[in-house]
1. Ranked highest first by average number of other Cβ atoms within 10 Å, how do 117-124, 50-57, 159-166 line up?
2. What is the sum of charges, Lys and Arg at +1 and Asp and Glu at -1, for the other residues whose Cβ falls under 9 Å from the Cβ of Tyr70?
3. Near Lys67, which aspartates and glutamates are there with a Cα under 14 Å away, not counting those fewer than 8 places off in the same chain?
4. Using a cut-off of 25 Å between alpha-carbon atoms, which lysines can reach Lys34, once sequence neighbours fewer than 8 places away in the same chain are excluded?
5. Within the stretch 107-132, what residues put their amide N at less than 14 Å from the label point 7 Å along the Cα-to-Cβ vector of Arg42?
Amino acid sequence: MRELKYLAGYSEKITGQVSLLISENRLGSFLLKKYPSAHDIRTEKALYDFAVEIKNEYLRKSQPLSKALYDGRLHVIQHALGTHTYISRVQGAKLKAKNEIRIASVFRHAPLEFLKMIVVHELAHFKEKDHNKAFYQLCEYMEPAYHQLEFDLRIYLTHLDLAGPLYQEI
């Protein structure tokens, strides 16, 4: 059986089911049935607007989002689907802070649900810096299906690894 690196922490029962889908060449159709199309948030302006909309709905009192962009330098292999950067600078007598999120460019052509899950994850870092219980509770507050989407995203990454893109680039 081939190694399923994106599903490393899951039980043999779960990885066995995914391996069966792979061996029967049904992984892509499984994903397409659940997530039939890719989102249309292609530009960084659209990504920023999408992220700000989610932030304003759930994290109104947190610091503003300065920038959201797709980053071709983020590699999923290094377990970075996205990153959150918090930069503080002293300008005169004031302390200026900026929050940025960067999403791996592979998600420019992915289902909207996956993009939202990654944005929610990065926005949650505005309040919780570490991946602790409070962090995941905040993620679930912003996206109730967070854990299922994370698992499905891992299956999607497995498909990308084995068979390439599932959605056509427009």
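1. 117-124, 50-57, 159-166
2. +1
3. Glu44, Asp49, Glu53, Glu100, Glu122
4. Within the straight-line limit of under 25 Å, Lys34 reaches these lysines: Lys5, Lys13, Lys116.
5. So the set is 108-110.
Taken together, the values in this text are just the output of simple stated rules run on the coordinates, not laboratory data. Note that this is a predicted model, so its numbers are computed, not measured. Positions of Cβ are generated from backbone atoms using ideal geometry, with glycine treated the same way; all protein chains shown enter the neighbour counts.
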